[in-house]
Amino acid sequence: MTRPVLLIAGGSRGIGASCARLAVQRGYDVAVNYKSNAKAAAAVVEAVQKSGGKAVALQGDMAIEADIVRVFDEAARTLGPVTHFVHSSGIIGKMSKLVDAEAAMLRDVIDVNLYGGMLCAREAARRMSTARGGKGGAIVLISSIAAVTSGAGEYIFYAAAKAGIDALVLGLARETAKEGVRVNAVRPGPTDTDIHEPGRLARVTPMLPMGRPGQPDEIAEPVLFLLSNAASYISGAVLNVSGAR
């Protein structure tokens, strides 16, 4: 029996790595994309392989179109056609008010989170769409609760990029609804990963309704649900996984 193939953009650390480790338990082979941390990606690949799945680490900058296309091609060549995709590449940028933000940093945040996410979603949909010769599939993009809480005073530019992801999800879901492709997103709240600047997570934790940040595995579970056939009639949804934030 052919196993489904999951490509994770930004799969070497944090939420993406947790998705990879959980996916193999759910029967997927996994392509782990990374930008620069080859050691972390290799560790995730090793964990997947030890759990009985096939895995490959694929270097590529998910803000660059040529890299995105190449990574999808390499995943298909090594594991088979990509049937499921998770976009977990993201950066917050340097925390500041918008009036103090440098243009280059704003561009980086938009390029990695929104522009890159849009290109990745486009590439996944092109390959999965039954109208284009694909066999269907499922896409999950990682948004952020910041898209609705605004990130004011810290990173409204990141929040704006993630709000763009939310809009992208609904639009692409509607465009591909009759082509066998489901598109959804998960909005994590503050999560214990290294995306945060030092000290930020400890500072915001007392303000969180549950009194603690989320753990990457707690985000991976709903991601894998949305990828699965159990979510066969869910498309265009954005699910808050934010501990009531």
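Using Cβ counts within 10 Å as a stand-in for footprinting exposure, how do Phe72, Phe85 rank, fewest first?
The order, fewest Cβ neighbours first, is Phe72, Phe85.
Where the only charges are on Cβ atoms (+1 Lys, Arg; -1 Asp, Glu), what is the dipole of the range 102-238 about its Cα centre, to the nearest 20 debye?
600
If you rank Val186, Val204 by fewest surrounding Cβ atoms within 10 Å, what's the result? Write out the running numbers ahead of the final one.
Numbers: Val186 28, Val204 15.
Least crowded to most crowded, the residues run Val204, Val186.
Determine which lysines satisfy two conditions relative to Lys39: a Cα distance under 17 Å, and not lying fewer than 8 residues away in the same chain.
Lys39 reaches Lys50.
Which of the trypsin sites (Lys or Arg not before Pro) across the range 176-227 are loop residues per DSSP, with 15 or fewer other Cβ within 10 Å?
Qualifying residues, ordered by number: Lys178.
Charges on Cβ only, +1 for Lys and Arg, -1 for Asp and Glu, centred on the Cα centroid of the range 103-146; of Gly134, Tyr115, Ala103, which one is farthest towards the dipole's positive end?
Gly134
For Cα extents along the principal axes in Å, the listed values are (i) 53, 48, 35; (ii) 47, 43, 41; (iii) 51, 38, 33; which was obtained by calculation from the structure presented?
Among (i) 53, 48, 35; (ii) 47, 43, 41; (iii) 51, 38, 33, the one derived from this structure is (iii).
Run the dipole for the range 5-241 about the Cα centre, Lys and Arg Cβ at +1, Asp and Glu Cβ at -1, nothing else charged, and hand back the magnitude in debye, nearest 20.
Charge dipole, the range 5-241, about its Cα centre: 460 debye, nearest 20.
Please compute the contact order of the chain in relative form: average sequence separation of alpha-carbon pairs under 8 Å and at least six residues apart, divided by the residue count, as a percent.
18
Can you give me the C-alpha center-to-center distance between the range 171-245 and the range 49-84, rounded to a whole angstrom?
Between the Cα centre of the range 171-245 and that of the range 49-84, the gap is 22 Å.
Nearest 500 deg cm²/dmol is fine: what mean residue ellipticity at 222 nm does the chain get from its DSSP H runs of n ≥ 4 alone, each adding -39,500 (n - 2.57), divided by its residue count?
-13000 deg cm²/dmol
Every number here is computed from the coordinates shown, using simple stated rules; none is lab data. Keep in mind that this is a model prediction, so the values were computed, not measured. Cβ atoms come from the backbone with ideal geometry, glycine included; neighbour counts cover every protein chain shown.
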